[in-house]
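What follows draws every value from the coordinates through simple rules; no lab data is involved. Keep in mind that what you see is a predicted model, and the values were worked out from it rather than measured. Cβ placement follows ideal geometry from the backbone for every residue including glycine, while neighbour counts extend to all protein chains displayed.
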């Protein structure tokens, strides 16, 4: 509980990592971890970290809801553009291209 109160940025990263593990196991519980992480990062207004969670959500929805996946990929790209995270922006751009409707 102490890490949550004193270091919410670390806690949100932990939630992302746990969510990613569930995602790799194809377990729907990933979404709850991503959602909690997103709520914390939104309060902290950390654009780079928001970009990461948006990217994870874009991957999560890629097969089950392509429209929502595109929405999150666009949000991720926007945040990475603001923070000038070139490598992450390129990775997100690749996801956008892959998921773009024909």
Q: Would you work out the relative contact order for the chain, in percent, from Cα pairs under 8 angstrom that are 6 or more residues apart?
A: 19 percent
Q) Hey, what's the Kirkwood Rh for the chain if you take every pair of different alpha carbons, in angstrom? A) 13.6 Å
Q: On a 0 to 90° scale, report how tilted helix 86-99 is relative to the longest principal axis of the chain, with both axes built from alpha carbons and the result rounded to the nearest 10.
A: 50 degrees
Q. Roughly what angle does helix 8-24 make with the longest principal axis of the chain, taking Cα atoms, 0 to 90 degrees, to the nearest 10?
A. 50 degrees
Q. For segment 1-43 and segment 48-102, what is the separation of their Cα centres, given in Å?
A. 17 Å
Q | Footprinting exposure proxy for 93, 70 (fewest neighbouring C-beta atoms within 10 Å first) | A | 93, 70
**Q.** Least to most buried among 85, 21 (fewest other Cβ within 10 Å first)
**A.** 21, 85
Q. Would you list 26, 9 from fewest to most Cβ contacts within 10 Å?
A. 26, 9
